[in-house]
Amino acid sequence: MTFEKLGLNADILKAVSDLGFEIPSEIQEKSIPQLLESDTDLMGLAQTGTGKTAAFGLPLIQKIDFESKDTQGLVICPTRELCNQITRDIKAFSKYLPRPNVVAVYGGASIDNQIRSIKRGAQVIVATPGRLVDLIKRKAIKLETVKIAVLDEADEMLNMGFKEDIDFILSQTPQTKSTWLFSATMPKEVRRITKEYMDDPFEVTVGTKNTTAKNIEHVYYMVKERDRYLAIKRLLDFYPDIFGLIFCRTKRETGMISEKLEKEGYNVTALHGDLSQAQRDAAMKKFRERTVQVLVATDVAARGIDVDSVTHVIHYNLPDDVENYTHRSGRTARAGKSGMSLSLINTKESYKIRQIEKIIGSKIEYKKIPGSDDIREQQMMALVDRVVATEVNENELDKYWDMIYEKFQNYSAEEVVMKFISAEFNKFIEYYKKSGDLNASKNDKDSGGSNARGDKKNRNLSGDSQRFFINLGEKQNLNKGALVRLVCTTSGINSKDIGRIEVHGGYSFFEVSKSASKGIVAGMTGKDYEGKDFVVEETEPRKGGGGSYKGRKKRSGGRSGGRRR
Ligand code: AMP
């Protein structure tokens, strides 16, 4: 099949060819002729990565009269990233058409600029629901000339609570329009929309659960909850050439993981809803241009991101809604390439893997977190490959050659190579010498005493100390080591200033030497532990000295956040 056979006109075919598209994807082949030939409604069950933007974008622009300035095409999608992306694509498709004006409207950007662009006569408007409603209410946009309304990622729009906005928007468009709806899943609410607004829609299903997974290798690793972060570092170290996404469940977790990784020298940046529009744009730009290797993102912020050649999708935590696993994994293995989807689970989460296997219709393979030897070998070979691939700038080096030669004259070629490799590598080797095995099994207890760094058994402070209460405990997967790390990283104190620690069910106590205790509450306030908020307060010294664990537990009721003293 070729694009010529789909019924597209010459100007559009030329633009398609400029984009390097040679063969229509399945959804394009199935939908484009139908959409061109008739005024049918369409319901497409398809994910991003299947080529659906062109599947609706190409027929959309062919059906629009660009001599007129009326708004004839309306595309509604859930996020501004996707909105910008669709706009970019439709502009590229229509570049040989007369005076096309494709305008993106989304929240978080100047509404006045958007109104000005619309006033110039936008034949196609690509919008997020909230901002579009705003524009309609301000009477800055008229939808009565719309011929085609596209609802992209309908399931996600409904998940995000845009149901009423969508109803309102569609009520402003003429009955006679065609409605093309795309959704990765088909929950009840999406069905409702199709029933309410569509008339005997033409249905296409592509990239069904099984086929999308075809060129994605699905892997999971089991670690203790407290080792999640260390495990992520191992994976990043094991795949030094990764160009990927790390998915977290919450904005806080995303910010925290990205910040920690960045501090430790990893080439990452964050993308989540607490960032300003400018910060999000900057993050996307860096990722697109590959100035950063890894984007740490929430599901919503990363929805619909279309960046080719993503090699790995890493699930720092599996999504709460297992259906989202498919969307996340769909960021890799695009346009015929292959990719990996790597999930970290704790010892109690195997059932989630089983659920996801059912949804994607394929097996998720268990693998061990790479050990230090595997990682050292991968890193070493990546370095050697980089060195081998480096072009030598002889002109520049010539100037210094005599000096360099003099320094190295007593070494053999092998010795010189070893020295260069070691210069790059010694620190890394040292780090991994000390690292242990992070793999856990279902039978492991996922909390309590451990060998984790900082989890010393007898912590006795010599001088005065201040005791603190924190409403995190075993139930939140906190243990002594994790508590020490949490206190040190958030408040900046040294672990030797931490004294006795008691970790209970839903709360814990820890002592800090008086001299270091001042900044604890301020330093820890507003931070989170593995995405969970917590409260830290100064509390009274421990009475008696005997471990009255039982008594305390009783008084607090053992609840998370149960009160102290
Ligand atoms: P989409 O599902 O619309 O997000 O598209 C996924 C990716 O595939 C985008 O990078 C498109 O530019 C690319 N693409 C879409 N259609 C084709 C095609 N027929 N041939 C090659 N690449 C395509």
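The values are calculated or read from the model by the stated rules, or taken from the named source; none is laboratory data. Just so you know, these numbers come straight off a predicted model, no measurement behind them. Here the Cβ is made from the backbone with ideal geometry for all residues, glycine too, and neighbour counts use every protein chain on show. The protein model used for the area step is the full one, side chains on, heavy atoms only, and it has no ligands, DNA or RNA in it. Shrake-Rupley method; radii C 1.70, N 1.55, O 1.52, S 1.80 Å.
Looking at the structure I just gave you, is residue 523 outside any loop (DSSP other than H, G, I, E, B), more than 30 Å from residue 374 (Cβ to Cβ) and at pLDDT 85 or above? Taking the combined requirement at face value, the residue satisfies it. Residue-level check: of (1) at pLDDT below 80; (2) among the aliphatic types (A, V, I, L, M); (3) closer than 24 Å to residue 256 by Cβ, residue 493 misses just (1). With respect to (1) over 11 Å from the mean Cα position of the chain (by Cα); (2) farther than 27 Å from residue 367 by Cα; (3) open to solvent by 10 Å² or more (accessible area, probe 1.4 Å), the lone exception for residue 234 is condition (2).
Counting residues in the stretch 317-333 that are exposed (fewer than 11 other Cβ atoms within 10 Å of the Cβ), within 16 Å of the ligand (Cβ to nearest atom) and in contact (Cβ under 8 Å) with a residue 12 or more places away in the chain gives zero. Screening residue 50 on (1) within 16 Å of the ligand (Cβ to nearest atom); (2) assigned to a loop (DSSP other than H, G, I, E, B); (3) surrounded by fewer than 23 Cβ atoms within 10 Å (Cβ to Cβ) shows it passes everything except condition (3). Say we look at the stretch 59-115 and pick out the residues that are among the acidic types (Asp, Glu) and in contact (Cβ under 8 Å) with a residue 24 or more places away in the chain; which of these is farthest from residue 48 (Cα to Cα)? Applying the filter and picking the extreme gives 67. Of the residues in the stretch 106-119, none is open to solvent by less than 10 Å² (accessible area, probe 1.4 Å) and assigned by TED's automatic domain parsing to the domain that holds residue 28. Considering each residue of the stretch 180-203 in turn, at least one proves to be open to solvent by 20 Å² or more (accessible area, probe 1.4 Å) and assigned to a strand (DSSP E or B). Listed conditions (1) closer than 26 Å to residue 279 by Cα; (2) modelled with pLDDT of 95 or more are all met by residue 156, apart from (2).
Among the residues of the stretch 53-74, which ones are within 28 Å of the chain's Cα centre (by Cα) and open to solvent by 10 Å² or more (accessible area, probe 1.4 Å)? Across the stretch 53-74, the qualifying residue is only 53. Remark: pairs (first residue in the stretch 9-20, closer than 14 Å to residue 36 by Cβ; second residue exposed (fewer than 13 other Cβ atoms within 10 Å of the Cβ) and among the acidic types (Asp, Glu); Cβ separation under 8 Å; 6+ apart in sequence or on different chains) = 13/4.
All told, residue 314 meets the bar of being away from the ligand (no atom under 15 Å from the Cβ), touching a residue at least 60 places away in the same chain (Cβ under 8 Å) and either more than 30 Å from residue 107 (Cα to Cα) or within 12 Å of the chain's Cα centre (by Cα) (or both).
Here the stretch 76-105 is the region considered, the condition is being more than 16 Å from the ligand (Cβ to nearest atom), touching an Asp or Glu at 6+ places or on another chain (Cβ under 9 Å) and open to solvent by 40 Å² or more (accessible area, probe 1.4 Å), and the residue that is nearest to residue 169 (Cα to Cα) is 99. Looking at the stretch 6-19 only, could you name the residues that are part of a loop (DSSP other than H, G, I, E, B) and away from the ligand (no atom under 14 Å from the Cβ)? Result: 7, 9. Note on the stretch 20-42: among residues that are open to solvent by 10 Å² or more (accessible area, probe 1.4 Å) and within 18 Å of residue 186 (Cβ to Cβ), the one that is farthest from the ligand (Cβ to nearest atom) is 41. Specify the residue that is most open to solvent (accessible area, probe 1.4 Å); the eligible residues are those in the stretch 270-307 that are in contact with a Gly (Cβ under 9 Å, 6 or more places away or on another chain), of a type in the set (D, E, K, R) and away from the ligand (no atom under 16 Å from the Cβ). Result: 274.
Residue-by-condition table, conditions (1) part of a helix (DSSP H, G or I); (2) closer than 28 Å to residue 65 by Cβ; (3) in contact with a Cys (Cβ under 7 Å, 6 or more places away or on another chain); (4) not assigned by TED's automatic domain parsing to the domain that holds residue 42:
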{"site": "136", "(1), (2), (3), (4)": "yes, yes, no, no"}
{"site": "142", "(1), (2), (3), (4)": "no, yes, no, no"}
{"site": "145", "(1), (2), (3), (4)": "no, yes, no, no"}
{"site": "150", "(1), (2), (3), (4)": "no, yes, no, no"}
{"site": "155", "(1), (2), (3), (4)": "yes, no, no, no"}
{"site": "164", "(1), (2), (3), (4)": "yes, no, no, no"}
{"site": "168", "(1), (2), (3), (4)": "yes, yes, no, no"}
{"site": "173", "(1), (2), (3), (4)": "no, yes, no, no"}
{"site": "176", "(1), (2), (3), (4)": "no, yes, no, no"}
